Every structure is written in C-alpha cells, then in structure tokens.
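Every number here is computed from the coordinates shown, using simple stated rules; none is lab data. All values derive from a computational prediction rather than experimental measurement. Don't worry about glycine lacking a Cβ; one is built from the backbone with ideal geometry, like all the others, and counts go over all protein chains shown.
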Amino acid sequence: MLSPWIFGFLIFTLGPMIVSLALSFTRYDVINPPEFIGFKNWALLFSDPLLLKSLQNTFFFAALHVPFAIAIALALALLLDQISRGAGLFRTVFYLPSITRAVATGILWLWLLNPQVGIVNQFLHLLHIPGPGWTTDPNWIKPGIVLMSLWGLGNTVVIYFAALRQVPNELYEAARVDGAKPWAQFFRITVPMISGTLFYTLVINTIFALQYFTEVYTMFFRGQESGVSEDALFYVIYLFRQSFEYFHMGYASAMAWLLFAIIVVVTLVQVGFSRKFVYYEGAS
C-alpha cells in the first residue's frame with residue numbers, strides 16, 4: 001500500500017535532491033556538461049550581496065507575515081465560532097481566496113496596490129490619509145507584500161475553526177461558574193487546548209513565508225529585466241532567476257540546499273520551544 005508513495009518519493013523528491021546536491025559542486029548551464037569546481041558555489045553564497053539582500057527581505061517578510069497570519073486567522077475563527085447561522089457561508093467566503101491561482105492573485109494585488117489608481121489608496125484617500133507607494137517606495141514594498149499575503153488565510157481559518165469546535169464546552173461552563181472573564185477563558189482554556197494546532201500552523205506558515213514566490217514574482221519580476229527594487233527580491237525569486245534566467249544551475253542548487261538547511265534549523269528551534277507551550281490532551 002505504501003509502495004506508490006515510496007516510488008514517487010524516491011523518483012520525484014529524493015532523487016532530484018541528491019542530483020541538486022551533486023550539481024552544487026559544479027558549474028552547469030544546462031547546455032554544457034557539468035564541470036566540477038569544488039566548494040566555489042558554496043563560498044559564493046556568503047559573499048553574494050544580492051543573496052544576502054534576498055535573505056534579509058525573506059526574513060523580514062516572515063517575521064511580519066507569520067504572527068499577523070496567525071493572529072488574524074485566529075480572530076476570524078473565533079468570530080465564526082460565535083455564529084450559529086450562516087457559519088458555513090462565511091467559511092466558504094474566507095476560504096475562496098485560498099483557491100485563487102497565485103498568478104491571478106499577484107495581478108489582482110498589483111492593481112489594488114497601484115499608488116495612483118489602486119483601490120487601497122483610494123480608500124485611504126477617503127479617510128484623508130495619503131496612500132504610500134506600495135509598489136514603488138522601497139519602505140512600503142515589503143509591507144505591501146505582507147498585506148497581500150494575508151488575503152489568503154482561508155486554510156488557516158478553517159483549521160482554527162475546526163480546532164475551536166473540539167474544545168469541550170464543559171471547560172468554559174466551569175470557568176464561568178468560577179467567575180472567569182472572557183479573556184481569562186481565552187488564555188487559560190482556548191489557547192492551551194488548541195496549542196497543538198497553533199504550533200502546526202506556526203511551522204507551516206513559517207515554511208510558506210520562507211518560500212514565498214509566485215505572487216511577488218508576478219507583481220514585480222514577470223517580464224521585467226531591470227528597474228525592479230531589490231526590496232522585492234525574495235530568496236526563492238533570486239534562486240529562480242539564477243537557475244532559469246541566468247542558467248547558473250550549480251549556484252542555484254547550492255542556494256536551494258542553503259534554504260533547506262535554514263528551514264530545518266528554524267523548524268527544529270520551533271519544535272524545541274513547542275515543548276514549553278504546546279499541550280497535548282492525555283499526554284503524561
């Protein structure tokens with residue numbers, strides 16, 4: 001029963017990973033045979049200013065996206081949990097952006113965030129607030145991308161909603177009898193009981209943020225050869241350009257393995273901290 005998955009994993013995941021690791025020690029442009037160059041690609045990783053800039057942009061985006069995504073999705077799930085009628089309709093509405101094609105999302109938000117005619121700045125203008133240059137001002141490019149990324153929180157909202165429905169009502173009833181206020185119930189009952197789900201979404205959203213690509217590439221780099229701000233250059237975009245635009249396959253392979261190592265380290269750190277705040281019912 002496991003053999004189809006094992007076969008697919010070996011051929012389409014583990015195999016390409018091993019090949020990419022081997023290519024990271026070569027100079028390879030797809031046309032000519034790979035040329036072994038030792039650790040030159042790996043040494044270049046730590047001296048490439050654009051790579052360091054793309055890492056900085058990616059970490060900045062992840063540091064904003066992950067907490068905002070978790071907080072907003074949890075708030076929406078709590079609101080859904082209070083609705084007795086029409087909850088299914090609202091779940092569908094919140095989930096719809098998650099199934100929108102990433103390229104379509106990028107094009108849509110490129111229009112919404114347009115500094116001159118975008119709806120976002122038009123709305124701010126109605127409030128007598130000067131709209132920033134979401135796609136042109138280096139100080140606002142990454143916040144604008146974070147704003148766009150929060151549009152597709154449907155998956156996380158549905159996950160939190162399902163977790164909230166599993167919290168026993170008896171716990172809330174006992175807390176109310178003891179005089180616990182709503183905030184106390186939230187932090188003493190809700191958060192501990194769904195802490196496993198919170199941890200899961202923390203890991204998943206972090207991995208997602210570190211690999212954010214399609215929407216940003218569509219907005220800023222599709223068909224653009226120059227003139228794009230470096231503040232929109234995320235790590236996976238730079239990796240993609242090195243491999244499929246410049247055909248530096250060896251260097252791109254080294255970049256891919258560096259990203260893999262970063263994700264593993266970040267995940268292990270999160271797992272370590274999870275032992276202090278994640279509660280599993282029935283665990284000793």
Item to complete: Read phi for every residue in segment 200-214 and hand back ³J(HN,Hα) as whole Hz from Karplus 6.51 cos²θ - 1.76 cosθ + 1.60, θ = phi - 60°, with x for Gly and Pro.
Response: 4, 5, 4, 5, 5, 5, 5, 4, 4, 5, 6, 10, 4, 9, 4
Worksheet item: If exposed chymotrypsin sites (Phe, Trp or Tyr not before Pro) are those in a DSSP loop with at most 12 other Cβ within 10 Å, what is the longest stretch of the chain that has none?
Response: 47-245
Worksheet item: Can you give the extra length, in nm with one decimal, that the chain gains between PHE123 and GLU170 once fully stretched, where that is 0.36 nm per residue apart less the Cα-Cα distance?
Response: 12.5 nm
Worksheet, complete the sentence: In terms of the alpha carbon gyration tensor, root eigenvalues a ≥ b ≥ c, rounded if a/c is under 1.5 and otherwise prolate when a/b exceeds b/c or oblate, segment 30-171 is oblate
Item to complete: Send over the Kirkwood Rh of segment 138-284, from the inverse of the averaged 1/r over different Cα pairs, rounded to one decimal Å.
Response: 18.6
Discussion item. Can you report the principal axis dimensions of the chain using only the alpha carbons, biggest first, rounded to whole angstrom?
Written reply: 74, 56, 34
Discussion item. Which of SER253, SER195 has the fewest other C-beta atoms within 10 Å, and how do the rest follow up to the most?
Written reply: SER195, SER253
Worksheet item: Expressed in nm to one decimal, what extension gain is obtained for the pair PHE244 and ALA63 from 0.36 nm per residue of sequence separation less their Cα-Cα distance?
Response: 62.3 nm
Fill in: Farthest toward positive dipole pole in the chain [+1 Lys/Arg, -1 Asp/Glu at C-beta], among LEU2, LEU50, PRO16
LEU2
Practice prompt. Please give the contour-minus-distance gain from LEU96 to VAL177: 0.36 nm per residue of separation, less the Cα-Cα distance, rounded to one decimal in nm.
Written response: 25.2 nm
Worksheet item: With θ set to phi - 60° and the Karplus curve 6.51 cos²θ - 1.76 cosθ + 1.60, what are the ³J(HN,Hα) couplings of segment 98-111 in order, to the nearest whole Hz, using x for Gly and Pro?
Response: 5, 9, 6, 4, 4, 5, 5, 4, x, 5, 4, 6, 4, 6
Worksheet item: For segment 20-34, in order, what is each residue's ³J(HN,Hα) by Karplus, 6.51 cos²θ - 1.76 cosθ + 1.60 with θ = phi - 60°, in whole Hz (x at glycine and Pro)?
Response: 5, 5, 5, 5, 5, 9, 10, 9, 9, 10, 6, 7, 9, x, x
Discussion item. At 1.306 mPa s and 10 °C, plugging the Kirkwood radius over alpha-carbon pairs of segment 232-282 into Stokes-Einstein gives what diffusion coefficient in µm²/s?
Written reply: 122
Worksheet item: Does segment 112-199 come out rounded, prolate or oblate, given a ≥ b ≥ c as the square roots of the eigenvalues of its C-alpha gyration tensor, rounded meaning a/c under 1.5 and, failing that, prolate meaning a/b above b/c?
Response: prolate
Worksheet item: If amide H atoms are built 1.01 Å from N in the plane of the peptide, which residues on other chains or at least 5 residues away come under 5 Å of the amide H of THR26?
Response: ILE37
Item to complete: Measure off 7 Å from each Cα along the Cα-to-Cβ vector at THR13 and ILE72, then give the distance between these two points in nanometres to one decimal.
Response: 3.0
Fill in: Within the chain, helix-based [θ] at 222 nm, where runs of 4 or more DSSP H residues each add -39,500 (n - 2.57), nearest 500
-19000 deg cm²/dmol
